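The values are calculated or read from the model by the stated rules, or taken from the named source; none is laboratory data. What you are looking at is a predicted structure, and each value in this text was computed from that prediction instead of being measured. Here the Cβ is made from the backbone with ideal geometry for all residues, glycine too, and neighbour counts use every protein chain on show. Side chains included, ligands, DNA and RNA excluded: accessible areas come from the protein's heavy atoms. Shrake-Rupley method; radii C 1.70, N 1.55, O 1.52, S 1.80 Å.
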Amino acid sequence: PGGAGGGDARGGGRGRTGPRRGRGGGAAPAAAPGEALPEGERRVTREMIARYAEASGDRNPIHLDDAFARKVGLPGVIAHGLLTLAFASEWIASWAGGGERLRGISARFSEPVLPGDTVVLRGRVAGAEETGEGLRYDVRFEAVTQRGARVLSRGRATVEVPSRRG
């Protein structure tokens, strides 16, 4: 999955996106269904794409070689879809109070992300339920660029926040 857009993916990763709430065990905000998450934002650079290609082992030339990318009908190199999904993972994990609370994430890669794009993440709490050990949130999200391109659609994440033990 990933490619030039139009695929589905499940995954996660690192990014510096959205509100900083600390790592590991921080308090997630009390949230009700329909409540919006604070927006997250991340600017994509060629260096970031190249580093992700190296780290992931995905050195497909559409991510690294402008001439090749143009030859196959793209405007130039594009970011990996999973890199964009990693931004969403970090953004939601930050909101939730730590990555260990993010239980699952999926989204559709709708359009390619280009170097220089600013990816804006928007989401809302679609559901919240008590579990025997805390709260489970269903989060719906999307990512758009400053160009107006929706690059992630049909985003869903599950977050579990443990009850405070006192």
Cα convex hull volume per residue for the range 54-166 (Å³): 111 Å³
Taking all protein chains as present, what is the carbon and sulfur share of the accessible area of the range 41-108, in % to the nearest whole number, probe 1.4 Å? 48 percent
Contour minus Cα-Cα span, residue 163 to residue 67, at 0.36 nm per residue, comes to 29.2 nm
Taking the Cα-to-Cβ direction at residue 122 and at residue 103 and moving 7 Å from each Cα, how far apart do the two end points lie in nm? 2.8 nm
